[in-house]
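Written below as structure tokens is the structure these notes are about.
The values are calculated or read from the model by the stated rules, or taken from the named source; none is laboratory data. Remember, it's a predicted structure, so these values are computed and weren't measured experimentally. Please note: Cβ atoms are built from the backbone with ideal geometry, for glycine as well, and neighbour counts cover all protein chains shown.
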Amino acid sequence: MDYNRYTFQLKERIGLLLEIILVTTVVSFLFYESFPALILGFPIGFFWKKRKQKKLADERKMRLKLQFKDGILAVSNALQVGYSIENAFLEGEKDLRMTYPPDADIIKEFHHINSQVKNNRVLENLIMDFAVRTHIKDIKDFAQVFVIAKRKGGDLAGIIQNTVDIISEKIEVQQEIETILTAKQFEQRIMSVVPVMIMFYIRVTSPHFFDSLYHNLFGIGLMTLCLVLYGAAIYVGERIVTIEI
């Protein structure tokens, strides 16, 4: 599984379709007052889908990062009581099953690793493959150090504990930043819909106010420019209130 790619479940697909219909309907009504614009506007759904996929993929990767911290902490505890690294991962999977539901990504990954080790696959290669698929820097850094330490006889327990400390610190900092930015993110979402709400209010209270901008080449061009600038403003606003650790 490539964690940069998100596959929608049926319920999510239905919700996404309804969102796309709503967005394209609002855009075609307010910016163009044209049914053909509704049809031509459906390509917006492609970008909306990509945006939604990235958001959900990022959320899944954040959950996986938290789960991975718990997983390697369990592995570290098993190493400290004398288990070999391969058996420590087996114990780690058992501990994870007591903490997370069976369909949690980290349980699937630990189970896959342990199953492949039983089939005589090399543990280091499996860890590296997992790290590459996650696209998470902390996990990739851990995998690289783990491979070197495993092959050269380094202090695996110490390396794992150090990784746990680093990830825990980053998560704590990120949660503090998210707490600080929560209000700003809410403001950004409100400001993003204000222009549409203003246009809707004007259309309701003064139905002919925008007539000169509809059904003519100049008006279509101007409204398209406004729509592009509006989309760019939303994108920039989201980037401003998003900080990655």
>> Just to be sure I understand, how many residues within segment 93-107 are surrounded by fewer than 14 Cβ atoms within 10 Å (Cβ to Cβ) and under 25 Å from ALA149 (Cβ atoms)?
In response: 1
>> From the list GLU178, GLU169, GLU187, exactly one residue is modelled with pLDDT under 80 and either of a type outside the set (Ser, Thr, Tyr) or on the phi > 0 side of the Ramachandran plot (or both). Which is it?
In response: GLU178
> Could you say which residue among ILE198, ILE202, ILE159, ILE167 is among the hydrophobic types (A, V, I, L, M, F, W, C), farther than 30 Å from ILE44 by Cα and free of Cβ contacts under 8 Å to residues at least 60 places away in the same chain?
Replying inline: ILE159
>> Looking only at segment 192-245, filter to residues that are among the aromatic types (Phe, Trp, Tyr) and within 29 Å of the chain's Cα centre (by Cα); which one of those is modelled with the highest pLDDT?
In response: TYR230
> Taking segment 101-148, which residues are over 20 Å from the mean Cα position of the chain (by Cα) and among the basic types (Lys, Arg)?
Replying inline: LYS118, ARG121
>> All but one of (1) modelled with pLDDT of 90 or more; (2) closer than 22 Å to ILE159 by Cα; (3) among the charged types (D, E, K, R) hold for ASP105; state the number of the condition that does not hold.
In response: (2)
> Mind checking which residues of segment 27-37 are buried (at least 16 other Cβ atoms within 10 Å of the Cβ) and part of a helix (DSSP H, G or I)?
Replying inline: VAL27, SER28, PHE29, LEU30, PHE31, TYR32, ALA37
> Which members of segment 209-225 meet the condition of being without any contact (Cβ under 8 Å) to a residue 60 or more places away in the chain, closer than 12 Å to LEU30 by Cα and part of a loop (DSSP other than H, G, I, E, B)?
Replying inline: PHE209
> Quick one: would you say LEU73 is more than 16 Å from the chain's Cα centre (by Cα), more than 19 Å from VAL147 (Cα to Cα) and either among the charged types (D, E, K, R) or surrounded by 14 or more Cβ atoms within 10 Å (Cβ to Cβ) (or both)?
Replying inline: no
>> Quick check on my filter: what residues within segment 1-26 are farther than 14 Å from ARG51 by Cα, outside any helix (DSSP H, G or I) and modelled with pLDDT of 85 or more?
In response: ASP2, TYR3, GLN9
> Give me the pairs: first residue in segment 129-147 and within 16 Å of ALA57 (Cα to Cα), second residue at pLDDT below 85 and outside any helix (DSSP H, G or I), beta-carbon distance under 7 Å, and six or more apart or on different chains, which are they?
Replying inline: ARG133/MET1
>> Out of ILE85, ILE127, I need the residue that is touching a helix residue (DSSP H, G or I) at 6+ places or on another chain (Cβ under 9 Å), aliphatic (A, V, I, L, M) and under 20 Å from ILE167 (Cα atoms). Which one?
In response: ILE127
>> Here is a list: ILE106, ILE190. Which entry is among the aliphatic types (A, V, I, L, M), assigned to a helix (DSSP H, G or I) and under 30 Å from SER84 (Cβ atoms)?
In response: ILE106
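One line per residue, one yes/no per condition, for (1) free of Cβ contacts under 8 Å to residues at least 60 places away in the same chain; (2) in a loop (DSSP other than H, G, I, E, B):
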{"position": "LYS54", "(1), (2)": "yes, no"}
{"position": "ASP58", "(1), (2)": "yes, no"}
{"position": "LYS61", "(1), (2)": "no, no"}
{"position": "LEU66", "(1), (2)": "no, no"}
{"position": "ASP70", "(1), (2)": "yes, no"}
{"position": "GLY82", "(1), (2)": "yes, yes"}
{"position": "GLU93", "(1), (2)": "yes, no"}
{"position": "TYR100", "(1), (2)": "yes, yes"}
{"position": "PHE110", "(1), (2)": "yes, no"}
